[in-house]
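Colleague: This structure is in structure tokens; I'll ask about it shortly.
What follows draws every value from the coordinates through simple rules; no lab data is involved. Just so you know, these numbers come straight off a predicted model, no measurement behind them. When we count neighbours, we look across all protein chains shown, and the Cβ atoms used for this are built from the backbone with ideal geometry, even at glycine.
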Amino acid sequence: MRIAVGSDHAGFHLKEAVKAYLQKNGHEVLDMGTHGTDSTDYPLYAAQVARAVGEGQAERGVLVCGSGLGMCMTANRFHGARAIVAPTAEHARLGRLHNDANILCLGERLTPEDQALEMLKVFLATDFEGGRHQRRVDEIERLSGDQE
Ligand code: RB5
């Protein structure tokens, strides 16, 4: 799978661990930065990853900041992006199964690396269930004015 990743300074170390995990497991990674721990602003990276996913250059995205929250708020402003913060692996599973989530947002300051990678594993392995859930996902776009 081609996966876009991004972080701010507070998520840099976990983003690097995510990148290594993805590459080890045979995925192609588009790294949108940041590339170090100098202070920077999370919307810059959330926008790049959300655009890549929304426009189809990447099938999924992973965004990391301190909490995951700012990344999630930003990513969901972009057409076609369905970003979630997953406090547990079960949230990651349900986000895929019912919501067809395509971007996983993680908080490096709140989630230990092993738990974050477990969530990522579940996020990548779970297929969207479709059916009645497809109608609901379509309604998100329609009601927010994005339906063509
Ligand atoms: C940076 O200090 C922090 O606010 C940011 O990484 C993120 O947690 C915002 O949502």
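Colleague: For the stretch 135-147, state whether one or more residues are at negative phi and within 16 Å of the ligand (Cβ to nearest atom).
Modeller: No - not one qualifying residue is present in the stretch 135-147.
Colleague: Among the residues of the stretch 92-106, which ones are more than 10 Å from the ligand (Cβ to nearest atom) and either farther than 15 Å from F128 by Cβ or without any contact (Cβ under 8 Å) to a residue 12 or more places away in the chain (or both)?
Modeller: Once the filter is applied, which keeps residues that are more than 10 Å from the ligand (Cβ to nearest atom) and either farther than 15 Å from F128 by Cβ or without any contact (Cβ under 8 Å) to a residue 12 or more places away in the chain (or both), the stretch 92-106 yields L94, L106.
Colleague: Go through (1) touching a strand residue (DSSP E or B) at 6+ places or on another chain (Cβ under 9 Å); (2) within 22 Å of Q134 (Cα to Cα); (3) within 16 Å of the ligand (Cβ to nearest atom) for V53 and report which single condition fails.
Modeller: (3)
Colleague: Regarding R109, is this residue in contact (Cβ under 8 Å) with a residue 60 or more places away in the chain, within 16 Å of the ligand (Cβ to nearest atom) and outside any helix (DSSP H, G or I)?
Modeller: So R109 fits the description; yes.
Colleague: So which pairs qualify, if the first residue must be in the stretch 61-81 and closer than 20 Å to A17 by Cβ, the second must be surrounded by fewer than 18 Cβ atoms within 10 Å (Cβ to Cβ), the Cβ gap must be under 6 Å, and the two must be at least 6 apart or on different chains?
Modeller: G66/R109; S67/L110
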